[in-house]
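Report on one structure; see the data block that follows.
The values are calculated or read from the model by the stated rules, or taken from the named source; none is laboratory data. Since this is a predicted model, take the numbers as computed values, not measurements. No Cβ is skipped: glycine too gets one built from the backbone with ideal geometry, and neighbour counts run over all protein chains shown.
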Amino acid sequence: MSFRSSNLKPLWQQQNTDLAKLVVNSRESIGVRGRGLSVVSKVDETSQAKQLQQLHQLLIQPITDLLPKEANARVVFIPQTSLFLVPFAALQDSSGKYLIEQHTILTAPSIQVLDLTRQQKQRVETRNLASRQNPNVLVVGNPNMPNVSLKRGESPQKLSTLPGAERGALAIATLLNTKALIGNSANESAVVQQMSKAKMIHLATHGLLDDFQRSGVPGAIALAPSGKDDGLLTATEILNLKLNAELVVLSACDTGQGILTGDGVIGLSRSLITAGVPSVIVTLWAIPDNSSALLMSEFYRNLQQNPDKAQALRRAMLTTMKQYPDQPSAWAAYTLIGEAE
């Protein structure tokens, strides 16, 4: 066990800022602004490099000598509060190399949750081995969206459709030899029923950050409403599910966010892990449709060749990076929480 520290005094003494503001500035520098918003069209590449290199200097440089030399060796980050919003994959060293080019990256909300995901992995493996079944793969894309009041007191409005998410879900379903649930077929009742049976779950829809049930656990996944439900699968409802999936991918905007605490993020990802899932892939912002479709397709192709989810995600990021050079907003949003295998 080693300990290293960074001096944060220059941030407020010389730059009149703090670490939390630096994280926000770094996200804005790559074109990511606000909650649930897409990237902006104009990005200041000079500012982008400066912000990402400064975060690298503070967070990575002090431990560089402790990090593995082999790129496929895993590095698990357990961030604190606002550091959960850091796009670790996009941090740049002084030579301009991104961290994902040098290391295979995972995150965890806390040491306790990392221990829980290890237990969940063993439970899922034991159950699947004992049943000798080949559970289903569930792919959901662009449900018939529910009506939602995004601000208290406002009338409910139908969430916008996601044609790009639908195209991506259809392509992934073909790759995984299953049928995607699209439109009305992706209603909450049907999705919840299939989630309990699925080995792998891919949800390409809106992710909402609000605490709709005032339960203290924010977040909801937008699905098609039916006569039995409102179309919002909330984080609280997920907590009450018993899932056997090895992996859940939340390919929606801001699904990695929630209430920032000293013990990590309380939200959708934590709810899924508590419900039994050892590996969850979430996003730190709304990734553009075209790059998202490319990255996710590459991820599942890689996963078919190698069960290491962290390595599969890293290779997918590197492939997408080649198509979108100098645009980390196009590939750095996805992060793997929990177990790699």
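Per-residue answers, yes or no, for (1) within 25 Å of D229 (Cβ to Cβ); (2) at pLDDT 95 or above:
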{"site": "R127", "(1), (2)": "no, no"}
{"site": "A130", "(1), (2)": "no, no"}
{"site": "N134", "(1), (2)": "no, no"}
{"site": "V140", "(1), (2)": "yes, yes"}
{"site": "V148", "(1), (2)": "yes, no"}
{"site": "K151", "(1), (2)": "yes, no"}
{"site": "S160", "(1), (2)": "yes, no"}
{"site": "G164", "(1), (2)": "no, no"}
{"site": "R167", "(1), (2)": "no, no"}
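Of all residues in segment 254-272, none satisfies being at pLDDT 90 or above, in contact with a helix residue (DSSP H, G or I) (Cβ under 9 Å, 6 or more places away or on another chain), polar (S, T, N, Q) and buried (at least 24 other Cβ atoms within 10 Å of the Cβ). For I172, the requirement of being in a strand (DSSP E or B) and buried (at least 18 other Cβ atoms within 10 Å of the Cβ) is not met.
Residues that are touching a Ser or Thr at 6+ places or on another chain (Cβ under 9 Å) and more than 29 Å from T126 (Cα to Cα) within segment 170-207 comprise A171, N184, A186, N187, T205, H206, G207, listed in sequence order.
Filtering segment 305-325 to residues that are in contact (Cβ under 8 Å) with a residue 24 or more places away in the chain and either surrounded by fewer than 19 Cβ atoms within 10 Å (Cβ to Cβ) or under 20 Å from T107 (Cα atoms) (or both) leaves P307, D308, K309, A310, Q311, L313, R314, M317, L318, T319, Q323, Y324.
Are any of the residues in segment 224-233 among the charged types (D, E, K, R) and at pLDDT 90 or above? No, that holds for no residue. Can you pull out the residues in segment 296-312 that are of a type in the set (S, T, N, Q), at pLDDT 95 or above and within 16 Å of the chain's Cα centre (by Cα)? The answer is Q311, and nothing else.
Within segment 2-29, the set of residues being in contact (Cβ under 8 Å) with a residue 24 or more places away in the chain and either of a type in the set (D, E, K, R) or within 22 Å of Y98 (Cα to Cα) (or both) comprises R4, S5, S6, L19, A20, L22, V23, V24, N25, S26, R27.
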